[in-house]
Amino acid sequence: MVIRLALAGNPNCGKTTLFNNLTGAVQHTGNWPGVTVEKKEGRLKGNKDVVITDLPGIYSLSPYSPEEVVSRDYLIKDKPEIIINVVDATNLDRNLYLTTQLLETGIPVVVALNMIDVVEKNGDKIDSKRLSEILGCSVIEISALKKKGMDELVTAAVNTAKSKQTSAVKKIFSDKTERFISEIAAVIEGKAEDSLLRWYSVKLLEKDEKATETLKLDAQERNRVVEIVSRFEKEFDDDGESIITNERYNHIGTVVKETSKKTRKEKLSAS
Ligand code: GDP
Ligand code: K
Ligand code: MG
């Protein structure tokens, strides 16, 4: 059985360094049709049944930049068996914004907490076990540069892919917003695969046009969605996309606070 493993993460989080470690010399570069963005594909060293795709660096799964469109189409339409979400551990809050969205795709995710060498050098601490519990997926500490944690990461990714175990769905939004997500889900049930129901429900609340088109809703369903979204926006007196973005950041704020501790170097050197 071939396992397709996608590397997803922010720009400069270390994806290509990791990709080169995992694939060695066996790699080629190809252009995605219609866009200027490149994906790289290679096979795992020592296991030709694992095909690894290095996706363009992105901050979000919104449909605005070509990088986002390429990465998002690959994940939502081609559905790899497993995502390794490469996270720059020195920029946890910024990187987790994408992580929370990847977890909504229903594809199993393993987080590679990269640049752990820098975290350690700075004397900072990340509780990766707690982070794993909160996110609902495996979190493996690695340093792609120093080739640390490579075997553990591959083992976790392959095992997760083989077990077909989707990351536990975590309700990260406010109770109120979660109720709107459920309302939308009830309308579009059957139009989207079960594993993507939450992803599409959130996207519809964000008024994501690309996602809406893909679903091919009939007129009645479209009207019900419009009605729900307009109640959602009225309730919060804000735009749908902003509400979701704000609540995502709120959630990430609590996650970071609970799992990471930074050494305050500035204080030490101040006096
Ligand atoms: P990409 O944009 O996600 O593909 O990131 P790259 O693989 O190009 O890496 C960006 C920069 O981070 C490069 O200078 C890498 O050498 C560096 N880098 C990648 N992984 C690590 C790591 O684990 N530790 C350290 N210290 N640097 C890293
Ligand atoms: K780079
Ligand atoms: Mg790269």
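Tabulated values for the structure
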| read-out | value |
| --- | --- |
| Angle in degrees between helix 175-188 and the longest Cα principal axis of the chain, rounded to the nearest 10 | 70 |
| Partner lysines for Lys207 [C-alpha distance under 16 Å; skip if fewer than 8 residues away on the same chain] | Lys216, Lys234 |
| Cross-link partners of Lys146 among aspartates and glutamates (Cα-Cα below 17 Å; sequence separation of 8 or more within a chain) | Asp88, Asp117, Glu120 |
| Antiparallel DSSP beta bridges within the chain, percent to nearest 5 | 40 |
| Across Lys129/Lys257; Lys15/Lys45; Lys45/Lys147; Lys15/Lys203, pairs whose alpha-carbon gap is larger than 18 Å | Lys15/Lys203 |
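Just so you know, all these numbers are worked out from the coordinates, no wet-lab data involved. What you see is a predicted model; the values in this text were computed from it and never measured.
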